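Working notes, structure below.
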Amino acid sequence: MKWKSISRMGDRGILIEFPQEISEKILQTILEAKVTLSKINLEQKVEITNTYDSLLISYPSAIRDVYSELKVVSNALRATNISKNIDKRIFKIPVCYEAEYAPDLNDVAELKNIKKEELISLHSTPVYLVYFTGFLPGFLYLGGLNQKIATARKNTPRKIVTKGSVGIAEDQTGIYPQESPGGWQIIGRTPLDLFNANSKIPSPFVAGDFVRFQPVSNLEYFQIEEEVKQGIYEFEIIKSNG
Amino acid sequence: MNSKSSNPMGEVVVKQPGLFSTIQDFGRFGSRKYGVPESGIMDRYAFKICNLILGNSENDAVLEITFVGPVLEFNAATNICIGGANLSPKINDLKIDLNTAYQIKAGDILSFGKRKSGFRSYLAIKNGFQSPEILGSRSWFEAVTGNHRLQKNQLLHYRASEAIKSFSHSAIQVDTDYLNSEMIETYEGPEFGKLPESLQKLIFQKKLMVHGDSNRMAVQFEESIQNDLKGIHTSPVMPGSVQLTPSGQLIVLMRDCQTTGGYPRVLQLSEYGIQVISQKIPGEAVQFYRKR
């Protein structure tokens, strides 16, 4: 297994850095390392999380013997072999691209010199890889946006972006899991709840999952919103291996 | 009010909310994967001492009180202990000592006066405040618990307990020197090596004045450090991570910080460093030093 460095992050973290690129291949390597590390015995109950090119082992309290922990971690990684393919999960996320939910759709289409319909199609065709969750509770970092619709952030961020808004910023696309200030170009909205602190599993996505945006009409949006409110909405998940 | 045996719940009534107070325990661990901040008390040392003095469990929730204290009325008997910053606490207009257990009767009023040292004070109560536990913690964080800060007329729940006669805490030595320290203990952060040598030196020489915008999410400073470090791919951050922005702002992330960030992480405070900096008031100076 290839990693760049293993180092302490202050007195209650160990940071493992991988080659600095954003790719599905590196993510696979990182997720395998995560599985390996989740099985080893460390001195505290830790949480291991990843970003594009890093794994952080976070300890609740200061590590007593950081050098011995660093050694345990590097030995475990050295002994790891690349494992087999894990099942792919693709989550369908309904998005309404109609005007009232998409304040920047026209501007982005104009900037990119394409029709609205083409923008929607380019945004809703790919399967996006979930690299990790960060920034806000339930905010997914997604990779795979078509370069044709990569768009700079708004010059002036909005004070309030509505919960569920789907946006584009440079070569990223994402969903605001709750109301927040933000500068992303908003091209649609999902009626889904992407983060629920009172649920046993506050968010169903894990790093390595995929999502696809499913265009829905105004009417379907309301229907799904109602199902979400009643707690009977179920994610449509497609499974495939390899 | 109610007899303690049939209704063991007591309530604190918030008469005046003060500046900014929140319920906190040790923090929320295991939910970083959902992008949920750790939260938890800023000053772990003060928290530990107060709970220890009351004979509480080490994770019992306390009220973290910032700078200007609230006025609180208790409606059932219990024991309390106040630690951390000295905001001149009083029970029914009688001054009380810090890091000392006191008995509370129904109807007693706790209030605060002039700040004498530190920035954040802790009110610990026998068996802890019983606010709902969400994702394994009672710590308030708006996106998770819906609570932002203490409000007037709000009720805080606790399990009433009869007066405990003696506290055997004479063995506990309380260190309060850190409240007046301006030296902040740090380690090098992941991007420290990307700083030019001159800035690697400067960052440990410069006195930095705590900015008024500082809060539970981050401490910022009046001064800036000119640099041309490039941004990084969004990467893990944790409480104590010190980010350096392109405009030269140093941002010391605190307990409510995001789980990831894209600014270079030049330093990482130790837990002791976080303890010291969380007791600094805006306008006070601090200086980083390196622990190897």
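Odds and ends about this structure:
- Normalised per residue, the accessible area of the range B:2-160 is 38 Å², obtained with a 1.4 Å probe and no contribution from ligands, DNA or RNA.
- Listed residue pairs exceeding 21 Å between alpha carbons, taken from A:Lys71/B:Lys230; B:Lys116/B:Lys280; B:Lys90/B:Lys126: A:Lys71/B:Lys230
- Multiplying the residue separation of A:Leu111 and A:Glu179 by 0.36 nm and subtracting their alpha-carbon distance yields 21.9 nm.
- The helix-based estimate of mean residue ellipticity at 222 nm for chain A, built from -39,500 (n - 2.57) per DSSP H run of four or more residues and divided by its residue count, is -7500 deg cm²/dmol to the nearest 500.
- Average accessible surface area per residue within the range B:185-243, 1.4 Å rolling probe, Å²: 45 Å²
- Chain B, relative contact order in percent, only Cα pairs under 8 angstrom and at least six apart counted: 21 percent
- Average Cα contact separation per residue, chain A, under 8 Å, 6 or more apart, as relative contact order %: 22 percent
- Heavy-atom accessible area, 1.4 Å probe, ligands and nucleic acids excluded: residues of the range B:201-247 down by at least 10 Å² from chain alone: B:His233, B:Thr234, B:Ser235, B:Pro236, B:Met238
- In the range B:1-110, the GluC sites (Glu not before Pro) that fall in loop regions by DSSP, at most 11 other Cβ within 10 Å: B:Glu58
- Surface share of carbon and sulfur [accessible, 1.4 angstrom probe, percent] for the protein assembly as shown: 49 percent
- Distant-in-sequence amide H partners of B:Gly261 (H built 1.01 Å from N, under 5 Å): B:Ser235, B:Val237
- For chain B, the longest principal axis of the C-alpha atoms and the axis of helix B:44-54 are separated by about 20°.
- Cα-projected label distance for A:Glu226 with B:Glu133, points at 7 Å along beta-carbon direction, nm: 3.9 nm
- Ellipsoid fit via the Cα gyration tensor, the protein assembly as shown: semi-axes of 42, 29, 23 Å, each the root of five times an eigenvalue, largest first.
- Using only alpha-carbon positions in chain B, the gyration tensor eigenvalues give semi-axes of 37, 20, 16 Å once each is multiplied by 5 and square-rooted (largest first).
- Averaged per residue, chain A has 49 square angstrom of accessible surface, using a 1.4 angstrom probe with ligands and nucleic acids left out.
- For the range B:147-292, size of Cβ-based charge dipole, Lys and Arg +1, Asp and Glu -1, in debye: 280 debye
- Both chains summed, the buried accessible area for A and B stands near 2900 Å², from protein heavy atoms and a 1.4 Å probe.
- Among the GluC sites (Glu not before Pro) in the range A:1-108, those located in a DSSP loop and surrounded by at most 13 other Cβ atoms within 10 Å of their own Cβ are A:Glu21.
- Rounded to the nearest 10 degrees, the angle from helix A:66-78 to the longest Cα principal axis of chain A is 70 degrees.
The values are calculated or read from the model by the stated rules, or taken from the named source; none is laboratory data. Values in this document were obtained by computation on a predicted structure and should not be read as measured data. Cβ sites come from the backbone with ideal geometry, for glycine too, and all protein chains shown count toward neighbours. The accessibility values were calculated without ligands, DNA or RNA, using every heavy atom of the protein model including side chains. Shrake-Rupley method; radii C 1.70, N 1.55, O 1.52, S 1.80 Å.
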